[in-house]
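Visitor: Here it is, the structure, as structure tokens.
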Amino acid sequence: MAAKDLNATYQILEKHLVHGDLRPGEEIGVRADQFLMQDGTGTMVFLHLSKLGPPRIKGKLAICYVDHNTFGDGPENADDHRFLQDSCASAGIRFSRPSNGIGHQIHLERFGAPGKLLLGADSHVTTLGGLGMLAIGTGGMELAVALTGTPHYFVCPRVIRVQLNGGLSSWVSAKDIILEVIRRLADRNNVATALEYAGDGVKTLSVAQRATIANMGAELGVTSSLFPADEVTRSFLTTQSRGSQYHRLQAGKEAAYDDQIEIDLDKLVPMVALPHSPDKVVPVREVSGLEVDQVAVGSCTNGFYEDLAMVALMLRGRKLSPRINMVMAPGTRQVQMALLARGYLKEMMDMGVRIAESACGFCIGHGHAPASGSVSVRTNNRNYEGRCGTLDAKVYLTSPETAAASALRGKLTDPRDLKRRPPRFTAMKKFPIDDSLIVPVPRSKKSVVIRRGPNIVDPPEHTMLPASIQGAITLKLGDHISTDHILPAGHWLKFRSNVQEYAWHTFKGVDPKFVRRAKEYQAEGTANVIIAGQGYGEGSSREHAAMCPAELGVRVIIAKSFERIHISNLINHGIVPLTFMDLRAYELIQKDDDLELPWIANELKRSSVVTARSHDKGYEIKVKHGLGRRQVDILLAGGLRNYVAG
């Protein structure tokens, strides 16, 4: 098909396609140009590679960023960072040291390029879509397999065109655009869906604004979000001294889309996502006046220079409300240096704003947890219950403008109610570029010794799927169970390299007795089965949210629906994801019911329907799967590593 007939998403996929056809719903295989991992996922990537074989990435870029667990509260994080740096040196992969910043934002600044395809073991690599780059989040096992030269397989997405018309009004920003997109699309099933932005409104948005929008596409569970590459893109690359890497990317004039939504930018108002989900979006004025205890600005969503310069200028010459504790985390060291050069960093410090490291930090509950029962207004991308590090805190997601207005008044405030014009700042013509914290690949790998701390443990082996499963319902859950519910990050993420230890914290904030109950069933030879509602596994790409339940003997999860990356992680680690055919069965099944799946292996191979029955309760239900032949074969083998090993 000619490029004039393809949308921009399919143009990139077509250039990288090695298996399958570009038809929505079909499994396709692609080879990527670039690979990204971070310290929360990277240690497991290298542990998987130790079983799969060395990377085969000649002529391609691969980089590991340290951005998640940067605090040294014990030796585990430092041990992991040392292991990652050694492993990168051995494998020919670049290494970004702690304090350099958040991976996908650094990548946008220094490595991303329009028209390229990136695979990243992080759900928010979708950020790169703001640069006209197709970036797809994966689990750690999937990335490890792709690094060995094997194509990456996923379901070809349907593409929704998001038409942006006009321009933003005063005090309305890119964060408000994506919150509006989430508000409109949150009640749809967005698995195997891509968003592609178009319209005259796109030209009014900077790359930083586009990246903010693309970043939070992850909160919809979409495969990717993509903006065209145009003169705005070229200008951004020029500020990074990378203008030569510009490549124009536009949808074909006759390009087809599977759906379209239109947003008139001039009609948008400041928006806020209410606790405890990014999809609970309302206009700020509907909840204005709520007393606020903490304001946190920055992160990978709104940690760009222009976001934080706006905050500094809004605070200039004024005082924070006495009740407010405010923290700022620039997305990257480059942003921090730009703020320093323009004097904005000092202004915020003079105001009493606490300056955090350029890292994921408060977004993942790693530092700056709010007080018990308090209200925190934040500019990051997720506000799941307990994610901030305080289980009973309430987190509201807003734009930097709304956050700064709230910090000044001590209550949730629509910035338009400040009754003044937005401040103006001068855009950077050239950013301060310093790549010294990115460790290059050594010329010789012979002398590299990989140092491995005591908390770095080989991941568990998986057994083949049995012909039948004798199980018990160990846990019944409601809707929107995120990976943070399944396996908390923050302090506990230091066990990311030790699945056997990390597993003890599975569902810690949901049911503290789950692990003990699961281990009791496991000791009896009974498989653990989990029942869940809509959107099970939303949020992070963290494969530990599948690995740790598998370590506890979970073999089957039956849900109303699953999120894209998590369903792949479940399959890759030998857990069968099934969905209800009749939602009345969800009400019927209760915790501690016995549940047998007597012909599961044969039924997976022969049809899309699987039988499940309870002898004690006397019911039989039919559940289904939408898996392809390859995915079924992975499950039968007990997981992706077994499947690849043959």
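Visitor: How many residues are of a type in the set (Phe, Trp, Tyr), under 25 Å from the mean Cα position of the chain (by Cα) and farther than 14 Å from Ile567 by Cα when one looks only at the range 520-552? Talk me through it step by step, then tell me what you get.
Guide: Start the filter on the range 520-552 by keeping residues that are of a type in the set (Phe, Trp, Tyr), which leaves 521, 536.
In the following step, the residues that additionally are under 25 Å from the mean Cα position of the chain (by Cα) were identified as 536.
This time we only want the ones that are farther than 14 Å from Ile567 by Cα, so: none.
Count: 0.
Visitor: Could you pull out the residue among His491, His480 that is touching a residue at least 40 places away in the same chain (Cβ under 8 Å), over 28 Å from Tyr643 (Cβ atoms) and outside any loop (DSSP other than H, G, I, E, B)?
Guide: Details: His480 fails: outside any loop (DSSP other than H, G, I, E, B).
Residue meeting the stated conditions: His491.
Visitor: Additional query: Where in the range 540-646 are there strands (runs of 3 or more DSSP E), lying fully within it, with 1 or more residues that are among the small types (Gly, Ala, Ser) and under 29 Å from Asn380 (Cβ atoms)?
Guide: Details: elements: 554-559, 576-580, 594-597, 609-614, 619-624.
Ranges flagged: 554-559.
Visitor: Give the number of residues within the range 277-296 that are within 13 Å of Arg382 (Cα to Cα) and of a type outside the set (D, E, K, R). Before the answer, list the steps.
Guide: We begin by selecting, within the range 277-296, every residue within 13 Å of Arg382 (Cα to Cα); these are 277-281, 296.
After this cut, where a residue has to be of a type outside the set (D, E, K, R) as well, the list is 277-278, 281, 296.
Count: 4.
Visitor: Something else now. Can you name every residue in the range 310-327 that is surrounded by 18 or more Cβ atoms within 10 Å (Cβ to Cβ), closer than 15 Å to Thr426 by Cα and not small (Gly, Ala, Ser)?
Guide: Of everything in the range 310-327, those that are surrounded by 18 or more Cβ atoms within 10 Å (Cβ to Cβ), closer than 15 Å to Thr426 by Cα and not small (Gly, Ala, Ser) turn out to be Met310, Val311, Met314.
Visitor: Which residues, counting only those in the range 605-639, are under 20 Å from Ser561 (Cβ atoms) and touching a residue at least 60 places away in the same chain (Cβ under 8 Å)?
Guide: Passing the criteria: Val623, Gly628, Gln631, Leu635.
Visitor: I've got another one for you. Which number in (1) within 22 Å of His104 (Cα to Cα); (2) assigned to a helix (DSSP H, G or I); (3) hydrophobic (A, V, I, L, M, F, W, C) marks the one condition that Val297 misses?
Guide: With respect to (1) within 22 Å of His104 (Cα to Cα); (2) assigned to a helix (DSSP H, G or I); (3) hydrophobic (A, V, I, L, M, F, W, C), Val297 is out only on (2).
Visitor: So which strands (runs of 3 or more DSSP E) are wholly in the range 63-137 and hold at least 3 residues that are buried (at least 24 other Cβ atoms within 10 Å of the Cβ)? Show your work before the answer.
Guide: Details: elements: 94-96, 117-120, 134-137.
Ranges flagged: 117-120, 134-137.
Visitor: Give the residues of the range 74-106 that are closer than 13 Å to Thr43 by Cβ and among the basic types (Lys, Arg), sorted by residue number.
Guide: Within the range 74-106, Arg82 is the sole residue that qualifies.
Visitor: Return the residues of the range 200-230 that are under 19 Å from Glu401 (Cβ atoms) and in contact with a strand residue (DSSP E or B) (Cβ under 9 Å, 6 or more places away or on another chain); say none if nothing qualifies.
Guide: Across the range 200-230, the qualifying residues are Gly201, Thr204, Leu205, Arg210, Ile213, Asn215, Met216.
Visitor: Further question: Tell me, yes or no, whether the range 543-555 has at least one residue that is β-branched (Val, Ile, Thr) and out of contact with any Ser or Thr (no Cβ under 9 Å at 6 or more places or on another chain).
Guide: Here is the first cut: in the range 543-555, the ones β-branched (Val, Ile, Thr) are 554.
Those left that are additionally out of contact with any Ser or Thr (no Cβ under 9 Å at 6 or more places or on another chain): none.
No: zero hits.
Visitor: Within the range 412-430, count every residue that is buried (at least 19 other Cβ atoms within 10 Å of the Cβ) and not acidic (Asp, Glu). Break it down into steps so the answer makes sense when it comes.
Guide: From the range 412-430, those buried (at least 19 other Cβ atoms within 10 Å of the Cβ) are 412-416; that's our starting set.
The next check asks that each one be not acidic (Asp, Glu); those that pass are 412-413, 415-416.
Adding up the residues that qualify gives 4.
Visitor: Here's something else I'd like to know. Six or more apart or on different chains, Cβ under 6 Å: which pairs go from a residue in the range 240-259 that's within 13 Å of Ile160 (Cβ to Cβ) to one that's at pLDDT 95 or above and part of a strand (DSSP E or B)? Could you list them?
Guide: Pairs found: Tyr257/Val159; Tyr257/Arg161; Asp258/Arg158; Asp258/Val159; Asp259/Ile160.
Visitor: Which residue pairs have Cβ atoms closer than 9 Å, lie 6 or more positions apart in sequence or on different chains, and pair a first residue in the range 512-525 that is in the same structural domain as Gly553 (by TED's automatic domain parsing) with a second residue that is acidic (Asp, Glu) and modelled with pLDDT of 95 or more?
Guide: Arg517/Asp511; Arg517/Asp592
For every residue, the table says whether it meets (1) part of a helix (DSSP H, G or I); (2) more than 19 Å from the chain's Cα centre (by Cα).
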| residue | (1), (2) |
| --- | --- |
| Gly201 | yes, yes |
| Thr212 | yes, no |
| Gly217 | yes, no |
| Ser225 | no, no |
| Val232 | yes, yes |
| Thr238 | yes, yes |
| His247 | no, yes |
| Gly252 | no, yes |
| Ala255 | no, yes |
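Visitor: Applying the selection to the range 451-462, what residues are modelled with pLDDT of 95 or more and over 11 Å from Val499 (Cα atoms)?
Guide: Of everything in the range 451-462, those that are modelled with pLDDT of 95 or more and over 11 Å from Val499 (Cα atoms) turn out to be Arg451, Arg452, Gly453, Pro454.
Visitor: Output the number of the condition that Val515 fails; it satisfies all remaining conditions of (1) closer than 18 Å to Phe562 by Cβ; (2) at pLDDT 95 or above.
Guide: (1)
Visitor: Something else now. Considering the range 1-43 alone, what residues qualify as being among the charged types (D, E, K, R), in contact with a helix residue (DSSP H, G or I) (Cβ under 8 Å, 6 or more places away or on another chain) and part of a helix (DSSP H, G or I)? Don't jump to the end; show me each part of the working.
Guide: First, the residues of the range 1-43 that are among the charged types (D, E, K, R): 4-5, 14-15, 21, 23, 26-27, 31, 33, 39.
Checking the rest, the ones that are also in contact with a helix residue (DSSP H, G or I) (Cβ under 8 Å, 6 or more places away or on another chain) come to 27, 31, 33, 39.
Listed by number, the list holds a single entry, Asp39.
Visitor: Give the residue, chosen from Asp230, Asp266, that is among the acidic types (Asp, Glu) and under 12 Å from Leu131 (Cβ atoms).
Guide: Working: Asp266 fails: under 12 Å from Leu131 (Cβ atoms).
Selected residue: Asp230, the only one of Asp230, Asp266 that is among the acidic types (Asp, Glu) and under 12 Å from Leu131 (Cβ atoms).
Visitor: Still on this structure: Being free of Cβ contacts under 8 Å to residues at least 12 places away in the same chain and of a type outside the set (A, V, I, L, M, F, W, C) is true for just one of Gly92, Gly72. Which residue is that?
Guide: On the way: Gly92 fails: free of Cβ contacts under 8 Å to residues at least 12 places away in the same chain.
Just a single option satisfies the conditions, and that option is Gly72.
Visitor: Can you tell me which residue in the range 437-489 is surrounded by the most Cβ atoms within 10 Å (Cβ to Cβ), limited to those that are touching a helix residue (DSSP H, G or I) at 6+ places or on another chain (Cβ under 9 Å) and of a type in the set (D, E, K, R)?
Guide: Asp484
Visitor: Checking the condition surrounded by fewer than 22 Cβ atoms within 10 Å (Cβ to Cβ), under 30 Å from Asp122 (Cβ atoms), under 32 Å from the mean Cα position of the chain (by Cα) and of a type in the set (Lys, Arg), which residue from Arg630, Arg564 passes?
Guide: Numbers: Arg564 fails: surrounded by fewer than 22 Cβ atoms within 10 Å (Cβ to Cβ).
Result of the check over Arg630, Arg564: Arg630.
Visitor: Based on this model, can you work out whether Val644 counts as farther than 14 Å from Ala559 by Cβ, crowded, with 17+ Cβ neighbours inside 10 Å and modelled with pLDDT under 95?
Guide: Numbers: farther than 14 Å from Ala559 by Cβ: yes; crowded, with 17+ Cβ neighbours inside 10 Å: yes; modelled with pLDDT under 95: yes.
Criteria met by Val644.
Visitor: Also: Step by step: first the residues of the range 36-62, then only those that are of a type in the set (D, E, K, R) and over 15 Å from His107 (Cβ atoms), then the one that is surrounded by the most Cβ atoms within 10 Å (Cβ to Cβ). Which residue is that? Spell out how you get there, then give the answer.
Guide: From the range 36-62, those of a type in the set (D, E, K, R) are 39, 51, 56, 58, 60; that's our starting set.
Retained after the next criterion (residues that are over 15 Å from His107 (Cβ atoms)): 51, 56, 58.
Values: Lys51: 14, Arg56: 12, Lys58: 7.
So the residue we want is Lys51.
Visitor: Looking only at residues in the range 153-180 that are surrounded by fewer than 24 Cβ atoms within 10 Å (Cβ to Cβ) and charged (D, E, K, R), which one is farthest from Val18 (Cα to Cα)?
Guide: Filtering first and then ranking leaves Glu180.
Visitor: Residues that are within 26 Å of the chain's Cα centre (by Cα), at least 2 per element: which helices (runs of 4 or more DSSP H) completely within the range 313-411 meet that?
Guide: Details: elements: 333-342, 344-350, 400-409.
Once the helices (runs of 4 or more DSSP H) in the range 313-411 are filtered for at least 2 residues that are within 26 Å of the chain's Cα centre (by Cα), what remains is 333-342, 400-409.
The values are calculated or read from the model by the stated rules, or taken from the named source; none is laboratory data. Keep in mind that what you see is a predicted model, and the values were worked out from it rather than measured. Neighbour counts run over all protein chains shown; Cβ positions are idealised from the backbone, glycine included.
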